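Following this message is one structure expressed as C-alpha cells.
Just so you know, all these numbers are worked out from the coordinates, no wet-lab data involved. In this text the structure is predicted, and so the values were computed from the model without any measurement. Glycine also receives a Cβ, built like all others from the backbone with ideal geometry; neighbour counts cover every protein chain displayed.
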Amino acid sequence: MKSHWADLIILVVVVVVLALLPVLVNNYWLRIATGALMWAGLACSWNMLGGYAGYINFGQSAFFGLGAYTTALLMGDPINLPFFATIPAGIAVTAICAIIIGAPTLRLRGAYFAIATWAFAEALTQFANVMDFTGGIGGLNLPPFLNERFFYFTMSGAAVLTYLVTWALFEHSRFGLKVKALRDHEPAAEAMGINTSLVKLQTFVLSAVTAAVFGAIFAYWVTFINPKSVFGGDITDQMVVMVLLGGLGSLRGPAIGGIGLFVVSRLIWMRWGDTAFYIAILGAAIVLVVLFLPNGIAGLFARRPAKSVTVLDKAAGKLAGTGEGGRN
Amino acid sequence: MNTATTSSPPSQSSDPILTVRDLFRQFGGIKAADGVNLEVGRCEIAGLIGPNGSGKSTLFSLVAGTVKPDSGQIRFDGREIAGMNAHRIARLGLARTFQIPAMFDNMTVTENLLAAAAQGHWHGAKDRAAETLSLLKLDQVAQNRASDLSGGQQKLLEFGRVVMRQASLILLDEVTAGVHPNIRKIILDAIARLRERGISFFIIEHDMEMVRNVCDRIIVMDAGRVVTSGAFEDIVRDSEVMQTYLGRPQ
Amino acid sequence: MDLLLQTLLNGLLIGGVIATFTIGFQLTFGVLHVIDFAVGGWVVLGGYLAYYMTALLKLDGFFAIPVAFLLFGAIGYLIGPILYNVRNSRTARPELMALALTFGLFTLLRGGMLTVWGFNTHTVPTALSGESLAVGPVTVPMIRVAAAVFAIVIAGGLFLFLYRTRYGLAIRATAENRQNAALMGVNIRRLSANVYGLYAGITAMAGVLMAAIFSVNPEIGLRYTLFAFFVAVLAGLGSVGGALVAALMLGVIEAFVSTYVGSSYSLLAIFATLFLVLLVSPRGILRRGL
C-alpha cells in the first residue's frame with residue numbers, strides 16, 4: 001500500500017541519520033541525542049495506553065524506575081549479572097506489577113486507574129526511600145561503563161524498536177483496531193466480540209514494559225540512580241506533556257513532543273540551571289495544550305484536519321450527558 | 001419492498017434461534033424486565049413494539065449481555081447465555097446496534113467496519129468492508145472520521161458494522177428512526193438480502209409502516225412483559241391492543 | 001494508654017479538617033465527573049494566603065479564613081465552566097483531557113509556587129497557637145480543637161445545604177445522574193461553576209487551618225492530593241457520606257503510623273492502604289462509588 005511506502009522511506013531516513021550522527025557530532029551532543037531518543041521512546045510508551053486506549057497513566061515513572069532498579073540491583077555486588085541479562089528480569093518484574101495494578105482497575109472508570117497508577121508510583125518512591133536494599137534516599141551505584149557510543153546505539157535501537165512495534169501493532173493490525181474501538185466506545189466494542197478488559201491489560205503491560213527497558217538503559221548509562229531520579233513524578237509529568245504536545249494517539253506525536261521538549265529542557269537547563277520554573281512551564285504547557293491544541297502539534301499537520309472543536313468554541317455550553325458514552 | 005413470506009410462522013419451529021424464559025431485571029424499584037417470555041425463529045424477522053419505557057431496549061441489553069439479568073434463561077443458538085459477558089455472546093454469533101449510534105468517533109468509516117471484524121472473521125475483512133461500503137452507499141465517505149458523518153449516515157455505518165460481524169442473529173434498535181427515506185430503503189433492502197442468507201432479525205421499531213413491511217411477526221411489550229404476539233394484521237385488528245399499548249389507533 | 005487516646009483524638013481532629021475538602025472533592029467528581037488533581041494546590045494556596053496575611057498585615061491567621069473562601073471561591077467559579085467544557089467537549093477523549101487539565105493545573109500551581117516562594121516552610125500564627133486543652137488524661141493543642149469545630153460547622157452546613165435545600169437537591173440529582181438532571185431542567189454548566197467555586201473556597205479554608213496546625217510549603221500539596229484520593233477511593237468516588245467516615249479513618253491511620261512506626265512511614269502506609277483498597281474493593285469499602 002502507498003502509505004506503507006511513505007512510512008518505509010521515513011524509517012530508512014531515520015535509521016541513516018541515527019547511524020551517521022556519531023560521526024557528525026561530538027560527545028556532548030551525542031549525550032543530548034541519547035537523552036532525546038530515550039524521551040521519544042518513553043513518550044511513545046505512554047501514548048500506547050493514553051493515546052490509543054484512552055486510559056491516562058499518572059504513574060508511568062514507576063515502571064521506568066522498576067526497570068532501572070532491577071538492572072542496578074542485578075548488576076550490583078552480590079549478583080553481578082551482565083547488563084543485557086538484567087533487561088528480561090526488569091521486563092518480568094514490571095509485567096507482573098502492571099498486571100496486579102491493571103487487572104482490577106482497568107475495568108472501572110479511567111479515574112480509578114489514574115489514581116491507582118499515581119499512587120503506585122508514589123508508593124514505590126516512598127518504599128525505595130525507606131528500604132535498605134534500594135540504598136534509601138542515597139540510591140544505588142552501577143558499575144561505570146563510559147562509552148557514549150554504546151549507550152547512543154543501545155538507546156537508538158530501543159527507540160526504533162519501540163516505534164516499529166507501535167507502528168505494526170497499533171497502526172496496522174487487528175489489535176490496533178480493537179484498542180481504538182474500545183477507546184471510542186467500550187460497549188460497542190464488547191458487542192463486537194472484543195474482550196475489552198483483556199485488550200486494555202495487554203496494552204498496559206506492553207506500555208509498562210517498554211518504559212522499563214528505557215529505565216534499564218538509563219540506569220546503566222548514568223551509573224547512579226536514586227528514588228527521585230527514576231521514580232519521581234516529574235518523569236511522568238514530562239511524558240504526559242510530550243504526548244499531549246505532540247499529539248495523542250498518533251505515531252509522530254510522541255516523537256515530535258519527546259524530542260522537542262527534551263531539547264527545550266536542555267536549553268533551559270544550560271541557561272538557567274536546575275529551576276523550579278521548568279515545572280511551572282510543564283504545567284502551563286499541559287493546560288494550554290488541553291485548551292487550545294487538543295490534537296497536539298501532529299494534529300496541525302494531519303492530512304485532513306478533523307473538525308476540531310476547541311473548548312472555547314464550546315462556550316455556548318451544550319447540554320450535558322453527551323460525551324458520556326464510554327466507560328462507567 | 002414487502003418481504004414478508006407466506007411460509008409457516010417460524011416461531012412454531014422446533015428450534016428457535018433465541019428463546020427467553022422468565023427473564024427478570026430490576027433497576028432500583030423499576031421492573032424493566034418482569035418475567036419476559038419470547039422466541040425468535042430461525043430466518044425470522046421479529047418486530048418488538050411497545051410504548052416508551054416498556055423495557056424493549058433493556059431486553060436487548062439483557063440478551064446481548066450488556067446488562068446482567070436478575071434471573072431467567074436466555075438460550076441463543078442452542079446455548080444458555082444468560083449472565084455471560086457481552087463479548088462472549090457476540091462471539092457466539094449475536095450482533096446488535098445501539099439506540100444512540102455507537103460510533104468509534106475517531107476512526108474512519110472503513111476502520112469502523114474493520115473493527116467489527118477484528119475479533120473473529122478477519123479473513124477477507126478488507127474485501128467485505130469494501131463490499132459493505134458499496135452496499136450501504138458509503139463509498140464517498142470511506143476515509144472520513146465517523147464523527148463527521150450525518151445522523152443518518154451514522155445509522156447506516158452502525159448497521160454496516162453489524163453486517164460485518166457475520167452474525168446469525170441481529171438485534172436492531174430503531175435503526176431507521178429519523179433517517180432519510182433513501183437511507184431507510186438501503187437498510188431495508190440489506191435486511192431482506194441478509195435474511196435470504198439465513199440470518200435472523202429481532203427489531204425494535206416505532207414506525208408501523210416499516211413493521212408492517214418487514215416483520216414476519218410482532219411481539220408487543222408493556223411494563224416489562226410480553227403482552228401478545230402474532231402477525232401484524234392480527235395485532236392491528238385487535239384494536240384494544242393498539243390503543244392500550246401503542247396509543248395510536250390505526 | 002494515654003498515648004493511645006492522645007493519638008486517636010489527634011487523628012480524629014485532623015480527619016475532621018480533611019473531611020471538609022474531601023466532601024467538596026467528591027461533589028466535584030459527582031457533578032463534573034473529573035477527579036481534581038489540583039485539590040492539594042488549593043490547600044497550599046489557602047495556607048500561603050494565611051501566611052502572607054499574618055506576615056505582612058500582622059493579622060491573626062483566622063482572618064484568612066473568610067478571605068480564602070471568597071478569593072478562591074471566585075477563582076474556582078471561573079475555572080469550573082472551563083473544566084466543564086473540556087469534560088463535555090467533542091474532542092477525542094474528553095475524560096482524559098479533563099483529567100490532564102487538572103493535572104496540568106496542579107503542576108502549574110506547584111511549579112509556580114516553588115518558583116515564587118521557594119522551598120521554605122512557613123508557619124501561620126493564630127491567637128490559639130501554643131494553647132492547649134486538657135481532656136482527662138490527654139492534652140490536645142487548642143488550634144486542633146478549633147479547627148475540628150470549624151470543620152464540623154462546615155461539614156454540617158454542607159450536609160444541610162445538600163439535603164435540605166432545593167439547590168442541594170439539584171446538585172445531588174446531578175451527581176447521581178446527569179442526563180436525568182439535564183432533563184429536569186438543571187443547568188449543569190452553571191451548577192458546575194457553583195460547585196467548583198464552593199469546593200475551591202472550602203478547600204482553601206481547610207488550607208488555612210492545615211497551615212495553622214502544621215505549616216505550609218509548595219511541596220506539601222502532593223500530600224493533600226493524596227489525602228483526597230485516599231478518601232475518595234475508600235469511600236467510592238462521588239460518595240459524599242462515605243467521605244466523612246473515610247476522612248476520619250485517614251486521620252486516625254496517619255496519626256497512629258506517625259506515632260508508633262515513624263512519620264517517614266506514614267505516606268507509605270497511606271499509599272499501601274489506598275492501593276490495597278483499590279485492588280480488593282475498587283468501588284470503595286462501602287461499594288458506593290460511581
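In angstroms, what radius of gyration and Dmax does region A:28-98 have, counting Cα atoms only?
When restricted to the Cα atoms of region A:28-98, Rg and Dmax are 14.3, 42 Å.
In percent, how large is the relative contact order of region C:96-185, given Cα pairs closer than 8 Å and 6 or more residues apart? Please report the intermediate quantities before stating the final value.
Details: 33 pairs, mean separation 9.2, N = 90.
Normalised by residue count, the contact order of region C:96-185 is 10 percent.
Here's a follow-up. Would you mind telling me which residue in A:132, A:234, A:184 has the biggest mean-square fluctuation in a Gaussian network model of chain A, where springs connect alpha carbons within a distance under 10 angstrom?
Largest GNM mean-square fluctuation: A:132.
What value does chain B have for Rg/Rh, both radii from Cα atoms and Rh as Kirkwood defines it? Don't skip to the answer; put the middle values down first.
Numbers: Rg = 17.6 Å, Rh = 18.4 Å.
Over the Cα atoms of chain B, Rg/Rh equals 0.95.
Same structure again: Counting DSSP beta bridges in the protein assembly as shown, what percent are antiparallel, to the nearest 5?
Numbers: 28 of 44 bridges.
Around 65 percent antiparallel, to the nearest 5.
Separate question: At a 10 angstrom cut-off on C-beta neighbours, averaged per residue, how do the peptides B:210-219, C:197-206, A:155-164 rank from highest to lowest? Display every interim value, and only then the final one.
Working: B:210-219: 21.1, C:197-206: 27.5, A:155-164: 18.9.
Ranking, from highest mean packing down: C:197-206, B:210-219, A:155-164.
For the protein assembly as shown, would you read off the P(r) tail past 55 Å as a percentage of all alpha carbon pairs? Write down the numbers at each step before the final one.
Values: 66385 of 376278 pairs.
I get 18 percent for the Cα pairs in the protein assembly as shown exceeding 55 Å.
What are the semi-axes of the equivalent ellipsoid for region C:52-193, taken as the square roots of 5 times the Cα gyration tensor eigenvalues, largest first, in whole Å? Display every interim value, and only then the final one.
On the way: eigenvalues 257, 117, 36 Å².
So the three semi-axes of region C:52-193 are 36, 24, 13 Å.
Let me ask something else. What percent of all Cα-Cα pairs in region C:204-272 falls into each 5 Å bin, going from 0 up to the bin containing the maximum distance?
Computed distribution, short to long bins: 3, 16, 22, 27, 22, 9, 1.
Normalised by the number of residues in chain C, what is the relative contact order in percent for Cα pairs under 8 Å and 6+ residues apart? Don't skip to the end; give the middle numbers.
On the way: 502 pairs, mean separation 109.1, N = 290.
Relative contact order, chain C: 38 percent.
Rank-order C:211-218, A:137-144, B:130-137 by packing density, defined as the average count of other C-beta atoms within 10 Å over each peptide's residues, highest first. Please list the in-between numbers first.
Working: C:211-218: 22.9, A:137-144: 15.1, B:130-137: 17.0.
Per-residue Cβ counts within 10 Å, averaged per peptide and sorted highest first, yield C:211-218, B:130-137, A:137-144.
Just A:115, A:225, A:297 to compare: in a GNM of chain A, with alpha carbon springs under 10 Å, which one fluctuates most?
In this elastic network of chain A, the residue with the biggest mean-square fluctuation among A:115, A:225, A:297 is A:115.
Right, another one. Using only the C-alpha atoms of chain C, find the volume of their convex hull and express it per residue in Å³.
Working: hull volume 38.4 nm³, N = 290.
Cα-based convex hull of chain C, divided per residue, equals 132 Å³.
Give me the angle, in degrees from 0 to 90, between the Cα long axis of helix C:266-280 and the longest principal axis of the Cα atoms of chain C, rounded to the nearest 10.
40 degrees
Residue by residue through region A:208-222, which ³J(HN,Hα) values in whole Hz follow from phi under the Karplus form 6.51 cos²θ - 1.76 cosθ + 1.60 (θ = phi - 60°), with glycine and proline marked x?
Whole-Hz 3J(HN,Hα) from phi for region A:208-222: 5, 5, 4, 4, 4, 4, 5, x, 4, 5, 4, 4, 5, 5, 8.
Take the alpha carbon atoms of region A:143-197, find their center, do the same for region B:139-169, and report the distance between the two centers in whole angstrom.
Spelled out, the Cα-based centre of one part sits 27 Å from the other.
Measuring from label point to label point, each 7 Å out along Cα→Cβ, what is the residue B:108 to residue A:7 span in nm?
1.2 nm
Sequence gap of 8 or more, or different chains, plus Cα separation below 30 Å: how many lysine pairs satisfy both in region B:18-243?
14
Measuring from centroid to centroid over Cα atoms, what is the spacing of region B:53-79 and region C:214-273 in Å?
43 Å
About the Cα centre, and with charges only on the beta carbon of Lys, Arg (+1) and Asp, Glu (-1), how big is the dipole of the protein assembly as shown? Nearest 20 debye, please. Walk me through the intermediate numbers first.
On the way: 64 positive and 50 negative charges, 196 e Å.
The dipole magnitude comes to about 940 debye.
Please state the relative contact order of region C:24-124 as a whole percent: Cα pairs under 8 Å, 6+ residues apart? Before the final figure, lay out the partial values.
Values: 73 pairs, mean separation 38.9, N = 101.
Across region C:24-124, relative contact order equals 38 percent.
Return the Rg/Rh ratio of region A:2-233 with Cα-based radii and a Kirkwood Rh. List each step's numbers first, then the result.
Details: Rg = 18.5 Å, Rh = 18.5 Å.
Taking Rh as the inverse mean 1/r over Cα pairs, Rg/Rh reads 1.00.
Given the DSSP H assignment, sum -39500 (n - 2.57) over each helix run of at least 4 residues in the protein assembly as shown and divide by its residue total; what's the result at 222 nm in deg cm²/dmol, nearest 500? The partial results should precede the final answer.
Numbers: 33 runs with 520 residues, N = 868.
After summing the helix terms and dividing by residue count, I get -20000 deg cm²/dmol.
Would you please put A:116-128, C:254-266 in order of how densely packed they are, using the mean number of other Cβ atoms within 10 angstrom per residue and starting with the highest?
On the way: A:116-128: 24.4, C:254-266: 16.2.
Going from most to least packed, we get A:116-128, C:254-266.
Could you tell me the center-to-center distance, by alpha carbons, between region B:84-122 and region A:247-273 in angstrom?
Between the Cα centres of region B:84-122 and region A:247-273 lies a distance of 37 Å.
How much FRET efficiency would the formula 1/(1 + (r/R0)^6) give for residue A:172 and residue C:129, where r is the Cβ-Cβ distance and R0 is 56 Å, rounded to 0.05?
Numbers: r = 65 Å, r/R0 = 1.17.
According to the calculation, E is roughly 0.30.
Modelling each spin label as a point 7 Å along the Cα-to-Cβ direction, I'd like the residue C:272/residue A:150 distance in nm, to one decimal.
Here the modelled spin labels are 3.8 nm apart.
Tell me, what is a quarter of the convex hull surface for the C-alpha atoms of region A:72-160, in nm² with one decimal? It would help to have the intermediate numbers written out before the result.
Values: hull surface 30.7 nm².
Projected over every direction and averaged, the Cα hull of region A:72-160 covers 7.7 nm².
Using r as the Cβ-Cβ distance of residue A:137 and residue A:164, and R0 as 35 Å, what FRET efficiency do you calculate, to the nearest 0.05? Before the final figure, lay out the partial values.
Values: r = 38 Å, r/R0 = 1.09.
For residue A:137 and residue A:164, the calculated efficiency is 0.35.
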